[in-house]
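Reading through the structure tokens given below for one structure.
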Amino acid sequence: MAQAAIELIGINKSFGAVRANRDINLDIARGTIHGIVGENGAGKSTLMSILYGFYQADSGEIRVGGQPASIKTPNDAIALGIGMVHQHFMLVDNFTVLENIILGAENDALLKSSIAKARSELDRLEREYGLEVDPDAIIEELPVGLQQRVEILKALYRGAEILILDEPTGVLTPAEADHLFRILKQLKEQGKTVVLITHKLREIMAITDTVSVMRQGTMVATRETRQTTVEELAELMVGRRVLLRVEKGEAEAGAVKLAVKNLTVRDSRGVTMVDDVSFDVRAGEIVGIAGVAGNGQSELLEAISGIRHAVSGSVMLDGKPIDLTGKADPGELRDRGLAHVPEDRHHVGLVLAFEENENSILGYHGDPRYLKGPFLNVDAIMADAKDKIEKYDIRPGNPRLKTANFSGGNQQKIVLAREMEQDPGVLIVGQPTRGVDVGAIEFIHKRLIAMRDQGKAVLVVSVELDEIRSLSDRILVMFAGRIVGERGPEATEGELGLLMAGVERQEAAQ
Amino acid sequence: MSTPYAKLPAWADYGLIPLINLSVAFIVAGFVVLLVGENPFRAAIILVEGAFGKGTGIAFTLFYATTFIFTGLSVAVAAHCGLFNIGTEGQAYIAGLGIAIACLSFDSVFPWWLTFPLAIVASALVGALWALIPAYLQAKRGSHIVITTIMFNFIAASIMVFLLVGPLKPVGSQAPQTRNFFAGAELPKLNWIIELFGAKIRSAPLNVTFLLALVMAFLVWLLIWRTKLGYEMRTYGHSPKAARYAGISETRIIITAMMTSGALAGMMALNPVMGDQHNVAIDFVSGAGFVGIAVALMGRLHPVGIVLAAILFGMLYQGGAELAFEMPAISRDMIVIIQGLVILFAGALEHMFRPYIQALFASFSPRSVGMEAVKGKGA
């Protein structure tokens, strides 16, 4: 086997009493693609941050190319030929591609010579690895897939031999992801080493040579990708067997509960985000809206839940219209049986600084059950919170704990418990399992299907195609603010992927 | 990665850390004293003795503390709603007008216990109304509350100067102030409480407003943590988006919080006006509104913390005055420097020592930081 590009020996890192990494040993062979999988909080990002110099290990040794290395800052890492592509891009939006690439690597007070040098270097890199990007394009005008390419170019420009990618496909369409994988394979053929951090097991299977699994700060296994299966990896990640696909019976769709007609929404700059969208959601069915993030799904959800102004169109809840002027009282909609699990639980669905019990009444805090005159009925709120904690297996089961101290999955359960326990007629859910670990995903999916089976109308918006396919009775695909297609749950991933990329629409137009 | 540092037990969070911050502030202040050629230990003794050594000192300290409790609570209520009310100064100042009207109208007819409630309502009302305008502009027009409240401080000051050198000044008087109130608007002193403990008091302005301040501190606690309104304020303060989602009206909550804040600021005026000077004079607030910001920050926006921080600042005011008197090399401005250091270390640099203390705690007893429990057992 090839020589190791990176060796981590006995790495330990604690934050206070939390041991984020314990005794991690890892060899990454030169010229391979090495995947690292694990649930949120398993310690993947901490480990990579140590490798890239954001953090320092409490103990342990890093060897790069066989030589012991001391990596104290990202600059040390770059000097050793380690480059990183972050989950959230570190680009200046209003700079050009070229300006972003030289940022931090300018070798002169005047930019002119740096730019000239960068241009020729970029040219070479683009030819060598098939990473075509217009060097003079402004970043914010580029689609995310290309922005990511700029991040990769940035690392290569700095001489990276080892490239770390943190959850690179979260923002990409399936087609863009495929393109990224081709690029990574090309990099591998040129002798570069790629470390891929992800929680998507399919990607690991598709592209990596070797895969390491982390759980609760330890490295639990390293496998040759060819010799493992998705099921085995999932089990290693969670520590028990998980159902990757929920089982559900046929939907028995009833009356129309939510009717959206010709809805158009513009954002604050006047750009049309939702363009003439119409659909129905019936009692007893789950309608899933698929699409790459940023194609108007968020705005659609906000308009339906009365917190965003719509330009035109109508939304009927049980045959009665919802105020779309943006002045609707979300409290009134709740009274009418519309429950909303927002996409952004950190800023919208929860107040992270609140205690768990305080969040379990958010939006329903005016309900007489929780009040004694103008005062909060603390006993009733606590009893109610404990009840929900029990029913939804929220851990740790302490209603006095600050919400920020719960894991992502448990935070999501707090929101779901609050909204579902109000027994709404219509439930709209944005990104039900974003940032949620595998174990909790299974639980949340089961709950959503249970809601459906109780005869509720459920609308789910998710960027996870697997989730949409697994949950939905009908799938709508959104692209550039429009619904570009409706499919049944049997639709293939490829078919939906094309719709999500807007391909069918362009073909139809020709 | 998201929670790099574990939680501290409450006593360390609310007791140990402020104590360390305060100690550092005094050590640095000690160097300043050393720099002007005085003995810092003697200075510290004079300061503390001046504030707490004699009955009179204690009474003065608590008198100043009363003022700071009101302004601190005022800043805190707004801050819980995410609003930085810098206008406490002006709201308190203009509230003097409300008190003047109540007192000058009734001081010759009513006893103090009838004038006092009227003056409370008048001061709160005027303070609240003065805060209403910036609140409305913020809620409806998006004019930044920090800017508008600062400007309203200047407007309040100008109006008060105009009134106190004009309409409110008795004819023939040279001083820019109202006539002195009669006994019907003079609040009883509380010095006898301190005398119960055996201390002697010559004359000190501590009065019943101190008790009102403690009552208001309790009511603020009740409002913020035990009412629906307080819940809504805190929701908006932490996350306006979450408030929108929860159906909380932005306009209503901003205006309510600011008017409550203004009312508390206004009540501050009762203490110097009815409790001490017995008239409304120019510049009677003299910066107490701004001290309120420091008091609120240092008290971590909690009424108990605010009362304690107010007493600390009361001590700095009273002890500082003694110090300037006893040590000629230490001028009034030096006292302000020491106060500034306290604000710097206890307010602005509040988190400076926190990571080290947390690391220390974690190494002593991993259990006490409670993160294992937070993570749960996994599945």
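The values are calculated or read from the model by the stated rules, or taken from the named source; none is laboratory data. Computed from a predicted model, the values in this text were never measured in an experiment. Cβ sites come from the backbone with ideal geometry, for glycine too, and all protein chains shown count toward neighbours.
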Among the residues of segment B:270-285, is there at least one that is under 13 Å from the mean Cα position of the chain (by Cα), more than 14 Å from chain A (Cβ to nearest Cβ) and among the aliphatic types (A, V, I, L, M)? yes
Kindly check whether there is at least one residue in segment A:148-161 that is out of contact with any Lys or Arg (no Cβ under 8 Å at 6 or more places or on another chain) and either in the same structural domain as A:Ala501 (by TED's automatic domain parsing) or of a type in the set (Val, Ile, Thr) (or both). yes
Which ranges mark the helices (runs of 4 or more DSSP H) fully within segment B:1-108 that have 3 or more residues being under 30 Å from B:Gly237 (Cα atoms)? B:17-35, B:55-80, B:88-106
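Conditions (1) hydroxyl-bearing (Ser, Thr, Tyr); (2) surrounded by fewer than 22 Cβ atoms within 10 Å (Cβ to Cβ); (3) farther than 30 Å from A:Gly38 by Cβ; (4) away from chain B (no Cβ under 14 Å), marked per residue:
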residue: A:Leu448; (1), (2), (3), (4): no, no, no, yes
residue: A:Val463; (1), (2), (3), (4): no, no, no, yes
residue: A:Val477; (1), (2), (3), (4): no, no, yes, yes
residue: A:Ala480; (1), (2), (3), (4): no, yes, yes, yes
residue: A:Glu486; (1), (2), (3), (4): no, yes, yes, yes
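Kindly indicate whether any position in segment A:488-509 is part of a strand (DSSP E or B) and of a type outside the set (S, T, N, Q).
Taking segment A:488-509 and keeping what is part of a strand (DSSP E or B), we get none.
Taking every residue of segment A:488-509 in turn, none turns out to be part of a strand (DSSP E or B) and of a type outside the set (S, T, N, Q).
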Of the residues that make up segment B:280-297, is at least one assigned to a loop (DSSP other than H, G, I, E, B), of a type in the set (S, T, N, Q) and under 23 Å from B:Ile155 (Cβ atoms)? yes
Specify which of the listed residues (A:Lys402, A:Lys386, A:Lys391) is modelled with pLDDT of 95 or more and over 25 Å from A:Arg308 (Cβ atoms). A:Lys386
Have a look at A:Arg226, A:Arg215 and point out the one that is within 14 Å of chain B (Cβ to nearest Cβ) and of a type in the set (Lys, Arg). A:Arg215
Which of the residues that make up segment B:224-256 are at the interface with chain A (Cβ under 9 Å from one of its Cβ atoms) and of a type in the set (A, V, I, L, M)? B:Leu229, B:Ala242, B:Ala243, B:Ala246, B:Ile248
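Rundown of residues vs (1) of a type in the set (Gly, Ala, Ser); (2) at the interface with chain B (Cβ under 8 Å from one of its Cβ atoms), yes/no style:
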{"position": "A:Gly313", "(1), (2)": "yes, no"}
{"position": "A:Gly319", "(1), (2)": "yes, no"}
{"position": "A:Asp323", "(1), (2)": "no, no"}
{"position": "A:Glu343", "(1), (2)": "no, no"}
{"position": "A:His346", "(1), (2)": "no, no"}
{"position": "A:Gly349", "(1), (2)": "yes, yes"}
{"position": "A:Glu358", "(1), (2)": "no, yes"}
{"position": "A:Gly366", "(1), (2)": "yes, yes"}
For B:Gly262, are the conditions met, namely being over 15 Å from B:Leu125 (Cβ atoms) and either in a helix (DSSP H, G or I) or within 11 Å of another protein chain (Cβ to nearest Cβ) (or both)? no
B:Arg300 fails exactly one of the following numbered conditions: (1) in a helix (DSSP H, G or I); (2) modelled with pLDDT of 85 or more; (3) within 14 Å of chain A (Cβ to nearest Cβ). What is the number of that condition? (1)
Would you point out which residue out of A:Gly425, A:Gly397, A:Gly408 is of a type in the set (Gly, Ala, Ser), within 13 Å of chain B (Cβ to nearest Cβ) and touching a residue at least 40 places away in the same chain (Cβ under 8 Å)? A:Gly408
Please verify whether segment A:361-375 includes one or more residues that are surrounded by fewer than 18 Cβ atoms within 10 Å (Cβ to Cβ) and in contact with a strand residue (DSSP E or B) (Cβ under 8 Å, 6 or more places away or on another chain). yes
For A:Ala251, state whether it is more than 23 Å from A:Ala206 (Cα to Cα), assigned to a loop (DSSP other than H, G, I, E, B) and at pLDDT below 85. yes
Tell me the residue from A:Ala339, A:Ala353, A:Ala385, A:Ala417 that is facing chain B (nearest Cβ under 10 Å), small (Gly, Ala, Ser) and either under 25 Å from the mean Cα position of the chain (by Cα) or surrounded by 21 or more Cβ atoms within 10 Å (Cβ to Cβ) (or both), please. A:Ala353
Note on A:Val213: of the conditions (1) closer than 30 Å to A:Leu98 by Cβ; (2) not in a helix (DSSP H, G or I), unmet is (1)
Please name all residue pairs, on different chains or six or more residues apart, with Cβ atoms under 6 Å, provided the first residue is in segment A:202-228 and is in the same structural domain as A:Ala177 (by TED's automatic domain parsing) and touching a residue at least 24 places away in the same chain (Cβ under 8 Å) and the second residue is of a type in the set (A, V, I, L, M, F, W, C) and in a loop (DSSP other than H, G, I, E, B). A:Met214/A:Ala42; A:Arg215/A:Ala42
Which fully enclosed helices (runs of 4 or more DSSP H) of segment A:336-448 have 2 or more residues being touching an Asp or Glu at 6+ places or on another chain (Cβ under 8 Å)? A:378-391, A:408-420
Here are some conditions: (1) among the polar types (S, T, N, Q); (2) under 30 Å from A:Asp275 (Cα atoms); (3) in contact with a helix residue (DSSP H, G or I) (Cβ under 6 Å, 6 or more places away or on another chain). A:Ser472 meets all but one. Which one does it not meet? (3)
Which of the strands (runs of 3 or more DSSP E) found entirely inside segment A:8-125 contain at least 2 residues meeting this: closer than 19 Å to A:Met214 by Cβ, within 14 Å of chain B (Cβ to nearest Cβ) and not aromatic (Phe, Trp, Tyr)? A:18-29
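Being surrounded by 15 or more Cβ atoms within 10 Å (Cβ to Cβ) and assigned to a helix (DSSP H, G or I) narrows it down to one of B:Pro134, B:Pro117, so name that one.
Details: B:Pro117 fails: surrounded by 15 or more Cβ atoms within 10 Å (Cβ to Cβ).
Sole residue among the options that is surrounded by 15 or more Cβ atoms within 10 Å (Cβ to Cβ) and assigned to a helix (DSSP H, G or I): B:Pro134.
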Inspect segment A:242-259 for any residue being assigned by TED's automatic domain parsing to the domain that holds A:Leu448 and in contact with a Ser or Thr (Cβ under 7 Å, 6 or more places away or on another chain) and give the result as yes or no. no
Matching residues, segment B:148-196, being assigned to a helix (DSSP H, G or I) and acidic (Asp, Glu): B:Glu195
Conditions first: (1) touching a residue at least 60 places away in the same chain (Cβ under 8 Å); (2) not in a helix (DSSP H, G or I). B:Pro355 passes all but one, so which condition is the exception? (2)
